[in-house]
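Let me begin by presenting the structure, written as structure tokens, before commenting on it.
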Amino acid sequence: MVALKKHIVLLTGLRKAGLEKVKVSERKIYQADELESFIKSSPEISKDIKRIIRETDIKVASVKISAYKPAL
């Protein structure tokens, strides 16, 4: 629910900036095993980050937003 509220705030901000037809066109929420797989492929990520992902219920999402800029 928190993520949904953040999307609404972001979309509202884009509309206030003058964009039209603003919408979330794609959303991907990564699970812990997907994050661990990503971390294994990125050795520069610290051991602390790896531990946090294993020990918490962390949520990471990728969101694709589409919008149109009206002609001036």
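Each reported figure results from applying straightforward, stated rules to the coordinates on display, with no laboratory input. Owing to the predicted nature of the structure, the values given are computational and were not obtained by experimental measurement. Backbone-built Cβ (ideal geometry, glycine too); neighbour counts: all protein chains shown.
Using a Förster distance of 30 Å, how high is the FRET efficiency between LEU14 and LYS59, based on the Cβ-Cβ distance and rounded to 0.05?
Working: r = 22 Å, r/R0 = 0.74.
Efficiency, from the Cβ-Cβ distance: 0.85.
Give, in nm to one decimal, the length gained when the segment between SER66 and LYS47 is fully stretched (0.36 nm per residue of separation minus the Cα-Cα distance).
Values: separation 19, 0.36 × 19 = 6.84 nm, distance 3.54 nm.
Result: 3.3 nm gained on full extension.
Counting Lys +1, Arg +1, Asp -1, Glu -1, what net charge surrounds VAL22 among other residues with beta carbon under 11 Å of its beta carbon?
Details: positive: ARG15, LYS16, LYS21, LYS23, LYS69; negative: GLU20.
That works out to +4.
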